[in-house]
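These notes concern the structure reproduced below.
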Amino acid sequence: MVLSMARPFKHPKTGMYWFRRVVPKDLQALVGKREERRSLRTKDPAKAREAHSAVAAEVEAHWAALRSPALTLNNREIVALAGTVYAEMVAQFAGEPGSPSTWDHVLRIDQEFRQAGKLEEWNGAMVDTLLRRKALHVDATTRARLYDHESPRLSVP
């Protein structure tokens, strides 16, 4: 039986290319789904092949990390990861940072989640994305500390 190479999937209605790969059975409980799907955000076949390779490498690294024992990161490593996210946010909003009232609102929401003990709900997706991109599998203590560090700690006059 001949197996074909993994390749981008073209959505039949939109024409956009997607990455699709079945999650190995041993990881489905950890990943929380049976198939990994991501838009490659292009209709160009050549760009889709490039993006597909990059996403495939990221997904494989993430799965390899999930198979390894969970890491406990020290404070320096946690702060470094939080700094990565901070630098990305600064770059994202550098051209148009938004109004001070918007950031006041974000800080108020952060404080409400912090006081309610629901930082995972507030920062969970951001932390998951960061850990997936960095191919890290961390223990519950490190994850909780990352939730805390990902919260906006901005001083607004």
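The values are calculated or read from the model by the stated rules, or taken from the named source; none is laboratory data. Here the structure is a predicted model, which is why all the values come from computation and not from measurement. Neighbour counts are summed over all protein chains in view; Cβ atoms, including those assigned to glycine, are modelled from backbone coordinates with ideal geometry.
Taken over segment 68-79, the criterion of being part of a helix (DSSP H, G or I) and surrounded by 12 or more Cβ atoms within 10 Å (Cβ to Cβ) is satisfied by E77, I78, V79. Among the residues in segment 135-147, are any in a helix (DSSP H, G or I), surrounded by fewer than 13 Cβ atoms within 10 Å (Cβ to Cβ) and either of a type outside the set (F, W, Y) or not assigned by TED's automatic domain parsing to the domain that holds E58 (or both)? Yes; the residues of segment 135-147 include at least one that is in a helix (DSSP H, G or I), surrounded by fewer than 13 Cβ atoms within 10 Å (Cβ to Cβ) and either of a type outside the set (F, W, Y) or not assigned by TED's automatic domain parsing to the domain that holds E58 (or both). Exactly one residue out of A51, A64 is surrounded by fewer than 13 Cβ atoms within 10 Å (Cβ to Cβ), among the aliphatic types (A, V, I, L, M) and at negative phi, and it is A64.
State whether one or more residues within segment 85-94 are in a helix (DSSP H, G or I), outside the structural domain of D26 (by TED's automatic domain parsing) and touching a residue at least 24 places away in the same chain (Cβ under 8 Å). Scanning segment 85-94, I find at least one residue that is in a helix (DSSP H, G or I), outside the structural domain of D26 (by TED's automatic domain parsing) and touching a residue at least 24 places away in the same chain (Cβ under 8 Å), so the answer is yes. For I109, the stated conditions hold: it is among the aliphatic types (A, V, I, L, M), in contact with a helix residue (DSSP H, G or I) (Cβ under 8 Å, 6 or more places away or on another chain), part of a helix (DSSP H, G or I) and farther than 16 Å from L131 by Cβ. Considering only residues in segment 27-63 that are more than 23 Å from V127 (Cβ to Cβ) and acidic (D, E), the one that is farthest from the chain's Cα centre (by Cα) turns out to be D44.
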